[in-house]
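The values are calculated or read from the model by the stated rules, or taken from the named source; none is laboratory data. Quick caveat: nothing in here was measured; it's all calculated off a predicted structure. Cβ placement follows ideal geometry from the backbone for every residue including glycine, while neighbour counts extend to all protein chains displayed.
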Amino acid sequence: MSENKRLTDQTSPCGRVNRRVFLADCGMGFTGLALGAMLQRDGILRADAHAAAWALPDGKPHFPPKAKNVIWLFMLGGVSHVESFDPKPMLNKYAGKSIHETPHKGVLDSPFTKKNVVEFVPGQHDIKTKLFPMQVGYRKRGQSGIEVSDWFPHVGDCVDDLAIIRGTWTTDNDHAAQLQFHTGRHAFQGLFPSIGSWVHYGLGALNENLPQFVVLGEMPSPCCGGNATVAGNYLGPEHSGVKLEVDPQNPLPYAKPGADIYPEQQIREFQFLERLNKLASVQYPDDPAMRARIKSYELAFRMQTAVPELLKFSEENAETQKLYGLDQKETEEFGQQCLAARRLVERGVRFVQIFHGGGKNAWDSHSELRKNHSELCAKVDKPIAGLIKDLKQRGLLDETIVVWATEFGRTPGVEGENGGRDHHPYGFSTWMAGGGVKRGVAHGATDELGFHAVDNRHYVTDIHATVLHQLGLDPRKLEVPGQKRLEIDFGKPIEEILI
């Protein structure tokens with residue numbers, strides 16, 4: 001770069017030296033850079049072109065919060081709502097009949113069908129409108145008497161702590177709905193910040209040695225959103241989720257120094273790297289990737305000690321390990337993830353995301369639903385219940401919101417000859433517990449066949465808005481210059497389930 005070009009880059013249009021460059025040139029050592037960092041933190045010096053109009057969030061809630069942390073449990077592939085938290089006995093009564101041959105044929109002519117559904121037209125696709133009976137029993141549970149599938153007996157025992165939202169809906173009929181559930185936007189509209197990233201952006205850190213947005217479990221497939229489901233996108237990569245492995249030997253891949261690296265040597269390397277990074281940040285002040293990388297290097301260094309410590313499950317007594325199912329092979333893996341989530345929020349991590357189902361969309365039961373769901377429920381039911389019970393007995397449930405979700409439900413009709421159900425975004429179930437959420441309530445409803453959300457309908461961003469509200473955040477105040485948000489992006493808190 002020529003000297004003239006360097007000077008042009010470092011001066012303002014009126015010939016004045018850029019304030020950031022002035023700070024660096026006056027004190028390229030620690031003092032000058034520290035002053036610049038403090039000025040930026042306090043809103044005096046900004047690293048973006050919209051400095052005059054934009055104040056970054058200060059990490060403080062907009063109003064008194066009811067919760068501090070979130071544990072977000074997401075089942076990949078589409079859990080059948082009628083075989084989990086919204087049983088429909090009418091499916092048994094009219095099994096084998098086409099929907100338009102039953103007294104409930106009106107669901108095919110509803111305004112929701114006409115607006116959202118293309119393939120479900122009376123007289124067409126009869127194979128998908130042949131009603132498929134429930135593949136498992138159900139019963140009323142707890143003092144609240146809410147009906148829960150027999151595949152979730154342990155979670156059913158916790159039903160008096162849950163607020164089940166039976167009128168959830170979305171618009172993507174394929175697995176990119178995983179991306180839509182986390183960002184609020186259809187995949188065709190582009191990439192937007194995830195709910196975990198908004199929490200990170202709005203509230204910042206409670207523990208400087210751990211990420212504030214942690215992701216556990218196998219990520220969604222790239223075609224379903226992949227890393228974008230937990231990404232900061234236009235908020236910047238520093239607000240993306242950090243993937244951890246529940247492996248005490250290697251919880252943070254590629255972050256552990258080699259056996260031949262002494263601690264003193266690593267410290268000197270980080271000090272040198274820190275200086276190079278700060279020099280680069282002066283030259284490229286508007287580069288979000290540069291800012292994120294600097295933060296990630298610093299955090300990775302601190303995490304080398306903090307992360308292995310939080311995964312020492314041997315510190316937990318035998319009763320706690322059994323509560324999460326760590327003593328059984330089928331529940332051990334997911335139980336470890338749920339226990340890790342509790343230990344993370346206990347240490348101040350704001351948002352913990354746990355995926356179950358992996359890149360293969362394990363819950364996607366187009367055939368053999370009975371086999372698929374019974375096996376998968378057996379893996380997650382006890383650990384989820386253990387998490388709720390453990391948080392409750394430790395006094396953490398009151399300040400932690402637990403969300404259980406999936407990208408859509410399954411059709412009332414059968415698919416194929418082997419007893420499966422197709423994708424179904426028009427009405428399905430989610431639930432919440434803790435963090436100022438009412439206990440033992442079922443809110444909203446689908447119709448008699450579980451086809452449409454018909455009462456207290458909630459698009460997925462209402463789930464987001466409810467979580468943000470309980471954390472004391474108003475999404476309309478999390479402004480980002482140059483980013484136009486739609487009304488539906490903000491959602492509305494589900495007041496009916498809040499204390």
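Among the residues of the stretch 405-420, which ones are under 20 Å from G358 (Cβ atoms) and buried (at least 24 other Cβ atoms within 10 Å of the Cβ)?
Listed by number, the residues that qualify are T406, E407, F408, G409, R410.
Residues being in contact with a Pro (Cβ under 8 Å, 6 or more places away or on another chain), in a loop (DSSP other than H, G, I, E, B) and under 16 Å from Y459 (Cβ atoms): count how many of those fall in the stretch 173-199.
The first filter runs over the stretch 173-199 and keeps only residues in contact with a Pro (Cβ under 8 Å, 6 or more places away or on another chain), leaving 173, 175, 177-179, 183, 198.
Within this subset, residues satisfying the condition of being in a loop (DSSP other than H, G, I, E, B) are 173, 175.
With under 16 Å from Y459 (Cβ atoms) added as a condition, the list becomes 173.
Residues in the stretch 173-199 being in contact with a Pro (Cβ under 8 Å, 6 or more places away or on another chain), in a loop (DSSP other than H, G, I, E, B) and under 16 Å from Y459 (Cβ atoms): 1 in total.
Filter the stretch 340-366 down to residues that are part of a helix (DSSP H, G or I) and either of a type in the set (K, R) or closer than 16 Å to W72 by Cβ (or both), then give me how many there are. Break it down into steps so the answer makes sense when it comes.
In the first step, residues of the stretch 340-366 are kept if they are part of a helix (DSSP H, G or I); the result is 340-346, 358-360.
The next check asks that each one be either of a type in the set (K, R) or closer than 16 Å to W72 by Cβ (or both); those that pass are 340-345, 360.
Counting residues in the stretch 340-366 that are part of a helix (DSSP H, G or I) and either of a type in the set (K, R) or closer than 16 Å to W72 by Cβ (or both) gives 7.
V380: under 22 Å from D161 (Cα atoms) and either surrounded by 24 or more Cβ atoms within 10 Å (Cβ to Cβ) or hydrophobic (A, V, I, L, M, F, W, C) (or both), yes or no? Break it down stepwise before answering.
Values: under 22 Å from D161 (Cα atoms): yes; either surrounded by 24 or more Cβ atoms within 10 Å (Cβ to Cβ) or hydrophobic (A, V, I, L, M, F, W, C) (or both): yes.
Yes: the conditions hold for V380.
If I ask for residues that are outside any strand (DSSP E or B) and within 20 Å of the chain's Cα centre (by Cα), which ones from the stretch 400-426 would you list?
Narrowing the stretch 400-426 to residues outside any strand (DSSP E or B): 407-408, 411-412, 414, 416-419, 421-422, 425-426.
Residues satisfying the conditions are E407, F408, P425.
All but one of (1) farther than 29 Å from I99 by Cβ; (2) touching a Pro at 6+ places or on another chain (Cβ under 9 Å); (3) assigned to a loop (DSSP other than H, G, I, E, B); (4) of a type outside the set (A, V, I, L, M) hold for P493, so report the exception by its number.
Answer for P493: the failing condition is (2).
Is it the case, given these coordinates, that P222 is surrounded by fewer than 21 Cβ atoms within 10 Å (Cβ to Cβ), at pLDDT below 95 and within 20 Å of V480 (Cα to Cα)? So that I can check it myself, show each step before the final result.
On the way: surrounded by fewer than 21 Cβ atoms within 10 Å (Cβ to Cβ): yes; at pLDDT below 95: yes; within 20 Å of V480 (Cα to Cα): no.
Considered against the rule, which asks whether it is surrounded by fewer than 21 Cβ atoms within 10 Å (Cβ to Cβ), at pLDDT below 95 and within 20 Å of V480 (Cα to Cα), P222 comes out as no.
Please identify the pairs in which a residue from the stretch 102-115 that is at positive phi has its Cβ atom under 9 Å from the Cβ atom of a residue that is part of a helix (DSSP H, G or I) and at pLDDT 70 or above, counting only partners at least 6 apart or on another chain.
Matching pairs, first to second residue: none at all.
Quickly run through the stretch 167-191 and pick out the residues that are surrounded by fewer than 24 Cβ atoms within 10 Å (Cβ to Cβ) and of a type in the set (F, W, Y).
W169, F188
Only one of Q470, Q483 is polar (S, T, N, Q) and touching a helix residue (DSSP H, G or I) at 6+ places or on another chain (Cβ under 8 Å). Can you tell me which?
Going through Q470, Q483 in turn, the sole match is Q483.
Just give me the residues in the stretch 327-341 being of a type in the set (D, E, K, R) and either out of contact with any Lys or Arg (no Cβ under 8 Å at 6 or more places or on another chain) or outside the structural domain of E375 (by TED's automatic domain parsing) (or both), in sequence order. Steps first, please.
Keep residues of the stretch 327-341 that are of a type in the set (D, E, K, R), which gives 327, 329-330, 332-333.
Answer for the stretch 327-341, where residues must be of a type in the set (D, E, K, R) and either out of contact with any Lys or Arg (no Cβ under 8 Å at 6 or more places or on another chain) or outside the structural domain of E375 (by TED's automatic domain parsing) (or both): D327, K329, E332.
List, please: which pairs have Cβ atoms under 6 Å, are six or more places apart or on different chains, and start with a residue in the stretch 456-472 that is within 21 Å of L206 (Cα to Cα) and at pLDDT 95 or above and end with one that is assigned to a helix (DSSP H, G or I) and not hydrophobic (A, V, I, L, M, F, W, C)?
Final answer for the pair search is L468/P475.
Please find, within the stretch 384-395, the residue that is surrounded by the most Cβ atoms within 10 Å (Cβ to Cβ) out of those that are more than 17 Å from F85 (Cα to Cα) and touching a residue at least 40 places away in the same chain (Cβ under 8 Å). Steps first, answer last, please.
We begin by selecting, within the stretch 384-395, every residue more than 17 Å from F85 (Cα to Cα); these are 386-387, 389-395.
Remaining after also requiring touching a residue at least 40 places away in the same chain (Cβ under 8 Å): 386-387, 389-392, 394.
Numbers: G386: 26, L387: 28, K389: 18, D390: 19, L391: 26, K392: 16, R394: 12.
Selected residue: L387.
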